[in-house]
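S.K.: Please read through the structure below; I'll follow up with questions.
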């Protein structure tokens, strides 16, 4: 087992950091906020960590924490600025924000390393540290997927006006999603930089937006399980498709299209549908027995009344 982990350390690390990025994207989506600003938060976390470590000789964990908090602060400010936007306009504003940060990375000169980026970022973070952080995030997110808080989040996403009428502060929930998303997105970037030991503009450009869409389509947006499934698909499938050579991108794109058409709810949607059908199948015999018992009771009551009338 350890040998397999050592051989696939890079892929495992990529899966974990992509998963954290996916969670960062998923949090506002669960509240009905179509935001792709997480790519920008990822860039802030990654470049912030790299700059602090290489240019200011700040320790690894301090750099990651500072960069993540900075990403959360920027996210909070962004949420206040674009709070009046909805739907497609909000999505385009957040994509523009992320692309703007990518342009800053390219034109940042010696601070960001320009088009070449920053290299030699050697820190103390391992895939085990990253896995531990991912588990903590999973535990925290899972608390929002059940109980009263989950119902509030679902109501905010499905019908914001009805949620407001029920006393849910929709605006507060949606604004809070920005700094939380920013903190996790920045953390993903900071951890990724340490695992890859480098960062450049190509790693924070529009391809990450495509990655976000892929994860949402494949995994689904309702649960952390969907984020994990989408991350596994994105990171590991290209490795599996290496044998097709130059047709790799064609096969990969075809699979994504089929997933979007045939499984619109993602992996989580398929699982929930299967669980619902199984539950209905289990309850069906009980319902049939109750209906039969009710029918017998009605027949006995009718006979009893007929006897009295006679």
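The values are calculated or read from the model by the stated rules, or taken from the named source; none is laboratory data. This is a predicted model, so every value here is computed, not measured. Please note: Cβ atoms are built from the backbone with ideal geometry, for glycine as well, and neighbour counts cover all protein chains shown.
S.K.: Only helices (runs of 4 or more DSSP H) wholly contained in segment 139-222 count here; list those with 1 or more residues that are under 20 Å from the mean Cα position of the chain (by Cα).
M.R.: 147-158, 170-196, 206-219
S.K.: Still on this structure, please answer the following. Would you confirm whether or not segment 38-47 contains a residue that is more than 30 Å from residue 222 (Cβ to Cβ), in contact with a helix residue (DSSP H, G or I) (Cβ under 8 Å, 6 or more places away or on another chain) and in contact (Cβ under 8 Å) with a residue 60 or more places away in the chain?
M.R.: Checking segment 38-47: at least one residue is more than 30 Å from residue 222 (Cβ to Cβ), in contact with a helix residue (DSSP H, G or I) (Cβ under 8 Å, 6 or more places away or on another chain) and in contact (Cβ under 8 Å) with a residue 60 or more places away in the chain.
S.K.: Here's a follow-up. Look at residue 267 and say whether it is surrounded by 20 or more Cβ atoms within 10 Å (Cβ to Cβ), at pLDDT below 75, assigned to a helix (DSSP H, G or I) and touching a helix residue (DSSP H, G or I) at 6+ places or on another chain (Cβ under 7 Å).
M.R.: Against the criterion (surrounded by 20 or more Cβ atoms within 10 Å (Cβ to Cβ), at pLDDT below 75, assigned to a helix (DSSP H, G or I) and touching a helix residue (DSSP H, G or I) at 6+ places or on another chain (Cβ under 7 Å)), residue 267 qualifies.
Yes/no matrix, rows are residues, columns are (1) out of contact with any strand residue (DSSP E or B) (no Cβ under 9 Å at 6 or more places or on another chain); (2) closer than 19 Å to residue 13 by Cβ; (3) touching a residue at least 12 places away in the same chain (Cβ under 8 Å):
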residue	(1), (2), (3)
185	yes, yes, yes
208	yes, yes, yes
218	yes, no, yes
231	yes, yes, yes
251	yes, no, no
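S.K.: Determine whether residue 152 is more than 30 Å from residue 199 (Cβ to Cβ), touching a helix residue (DSSP H, G or I) at 6+ places or on another chain (Cβ under 8 Å), without any contact (Cβ under 8 Å) to a residue 24 or more places away in the chain and surrounded by 17 or more Cβ atoms within 10 Å (Cβ to Cβ).
M.R.: Criteria met by residue 152.
S.K.: Can we say residue 111 is modelled with pLDDT of 90 or more, part of a helix (DSSP H, G or I) and more than 19 Å from the chain's Cα centre (by Cα)? It would help to see each step written out before you state the result.
M.R.: On the way: modelled with pLDDT of 90 or more: yes; part of a helix (DSSP H, G or I): no; more than 19 Å from the chain's Cα centre (by Cα): yes.
So residue 111 does not fit the description; no.
S.K.: Out of curiosity, is residue 123 in contact with a strand residue (DSSP E or B) (Cβ under 8 Å, 6 or more places away or on another chain) and either part of a loop (DSSP other than H, G, I, E, B) or surrounded by 16 or more Cβ atoms within 10 Å (Cβ to Cβ) (or both)?
M.R.: In short, no.
S.K.: Here's another thing I want to ask about it. Based on what the data block shows, is residue 135 within 16 Å of the chain's Cα centre (by Cα), part of a helix (DSSP H, G or I) and at pLDDT below 95?
M.R.: no
S.K.: Could you tell me which numbered condition residue 68 fails, if it satisfies all but one of (1) over 20 Å from the mean Cα position of the chain (by Cα); (2) touching a residue at least 60 places away in the same chain (Cβ under 8 Å)?
M.R.: (1) is the only condition that residue 68 fails.
S.K.: Could you check residue 103 against (1) within 22 Å of the chain's Cα centre (by Cα); (2) assigned to a helix (DSSP H, G or I); (3) farther than 17 Å from residue 198 by Cα and say which number it fails?
M.R.: Just one mismatch for residue 103, condition (1).
S.K.: Which of the helices (runs of 4 or more DSSP H) found entirely inside segment 1-78 contain at least 3 residues meeting this: at pLDDT below 95 and surrounded by fewer than 23 Cβ atoms within 10 Å (Cβ to Cβ)?
M.R.: So the answer is 2-7, 9-30.
S.K.: Looking at this structure, is residue 85 within 26 Å of residue 207 (Cα to Cα) and in contact (Cβ under 8 Å) with a residue 40 or more places away in the chain? Can you show your working first?
M.R.: Details: within 26 Å of residue 207 (Cα to Cα): yes; in contact (Cβ under 8 Å) with a residue 40 or more places away in the chain: no.
So residue 85 fails the test.
S.K.: Filter segment 126-140 down to the residues that are under 22 Å from residue 203 (Cα atoms) and surrounded by fewer than 18 Cβ atoms within 10 Å (Cβ to Cβ) and list them by number.
M.R.: Scanning segment 126-140 gives 126, 131.
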